[in-house]
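None of the figures in this text is laboratory data; all of them are computed from the coordinates on show. Just so we're clear, the structure is a prediction, and the values are computed from it rather than from any experiment. No Cβ is skipped: glycine too gets one built from the backbone with ideal geometry, and neighbour counts run over all protein chains shown.
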Amino acid sequence: MRLPGLASFGLAVLVLAAAPAASAQSSGTVIRTGDAVVVTVATQESLGGTYVVDGGGAITLPLAGRVVTDGLTPDQLGDELRRRLTDFLVDPQVRVDLQQARRVFVFGNVRRQGRRTSRSA
């Protein structure tokens, strides 16, 4: 369906594809580059924190090292971190929450079309 005159005004169509963290968890949403994940390790505050997935699709944590996260669900990442931390801790309890970055798709009469990541709320 075409909207008359849309291109002549040079309008860009923005589609926000952001979901709240709670619904992202329940739907099995995967972690992508630019997303922020909150890692909590019970009784080990120094190992937890908020980590932004780098351009290589990974995060780096103390003791666990560099972990490729791109394409994993928060539960899968938690399992991987738990596995890595068992070398240093007895029965580590790890929780991963996704704070998904806003993804914006730009279409229309613009200089560069495609996906962009917005850091602002």
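Close amide-amide hydrogen proximity is noted between I31 and G71, L72, T73, each under 5 Å apart and 5 or more residues distant or on a separate chain (H modeled in the peptide plane; Pro and chain starts excluded).
Based on other C-beta atoms within 10 Å, arrange R111, R83, R95, R32 from fewest to most.
Working: R111 6, R83 12, R95 15, R32 18.
Fewest-to-most ranking of R111, R83, R95, R32: R111, R83, R95, R32.
Residue exposure proxy: E80, E45, ordered by other Cβ atoms within 10 angstrom of their Cβ from fewest to most, comes out as E45, E80. The label point for F88 and the one for A58, both projected 7 Å from the Cα toward the Cβ, are 1.6 nm apart.
Its residues counted as N, the stretch 71-110 yields a C-alpha radius of gyration over 2.2 N^0.38 Å of 1.89.
Here the label points at V110 and A42, each 7 Å from Cα along the C-beta direction, are separated by 4.4 nm in the simple model.
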